[in-house]
Each structure stands twice: as C-alpha cells, then as structure tokens.
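The values are calculated or read from the model by the stated rules, or taken from the named source; none is laboratory data. Since we're looking at a predicted model, the values are computed, not measured. For neighbour counting, all protein chains shown are included, and Cβ atoms are generated from backbone atoms with ideal geometry for every residue, glycine included.
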Amino acid sequence: MRPRPAGEPGRPGRTKGLSVYVGALTLDVLLGDVRSLKQKRSAVRPLIAEVHRKFPGLAVAETGYLELHRRTEIGVAVVTSTAAHAIEVLEACERFVAARPGIELLSARQRLFNDEGE
C-alpha cells in the first residue's frame, strides 16, 4: 500500500479507492435421516469440510441449532475487495450446499459489510 501524501483526505494509512468487503452467508439446513446428535455431527462435519475444500478462502462453521438433531445452521464468511466478488462467491457456496444429497436447504441469508459501514 502506498503512503498517503500530506493533505490527502481519508483514514491514516489508507489508499483512496480501496475497500474491503465482508460477505456473510447463513444457511438453515434440514438434515436427512438423523436420529441423534452423534449422527448429526457425522453429517455436518463432512458438509463443512466439503464447503471448505471447494471454497478454500472461506471461513465455514456450524453456528446454530446445536442441540437439535435434524437441523443445523451453517455460517460462511468471505473477505474480498469488491462487493460483486463477495456476492458471487456466497451465491456459489449456497448453490453448492443446496445441491448436496441428503439435506434440504430451508433458507439462506446473505449480508454484505464494508469498511465504510455501508
């Protein structure tokens, strides 16, 4: 990053025009034939690993419905320099999870944040 010349507006140390976008995706998933938390764990862990393998730059974790057997919430996050790229990656991830056999995607919620608070 280039140093900010004297008198250039903006944050100290920031290059004008560069932005950081954080995309967040929350997936509400219904699992197939799962009768215990142990079976749930053996279904969710490979799903998270598959997403991480397919999209290595993403952060992926089980984020909700931890005590329910057949339901889980998967959280996904990506950091990029453009909003369009963040949305593109999150949509591809959503399609990938929805296409997995043995699960049903009940809902998906995308959110986009940037360093300007917009």
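Here is a yes/no grid of residues against (1) part of a strand (DSSP E or B); (2) under 15 Å from V51 (Cβ atoms):
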residue: H69; (1), (2): no, no
residue: E73; (1), (2): yes, yes
residue: A86; (1), (2): no, no
residue: E91; (1), (2): no, yes
residue: E94; (1), (2): no, yes
residue: R100; (1), (2): no, yes
residue: L105; (1), (2): yes, yes
residue: R109; (1), (2): yes, no
residue: L112; (1), (2): yes, no
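Looking across region 35-67 at every residue that is touching a helix residue (DSSP H, G or I) at 6+ places or on another chain (Cβ under 9 Å) and in a strand (DSSP E or B), the one that is nearest to I103 (Cα to Cα) is identified as E62. On the given criteria, is G75 under 22 Å from R109 (Cα atoms), at pLDDT 95 or above and among the small types (G, A, S)? Considered against the rule, which asks whether it is under 22 Å from R109 (Cα atoms), at pLDDT 95 or above and among the small types (G, A, S), G75 comes out as yes.
In summary, S19 fulfils each of the numbered conditions (1) assigned to a loop (DSSP other than H, G, I, E, B); (2) modelled with pLDDT of 95 or more with the single exception of condition (2).
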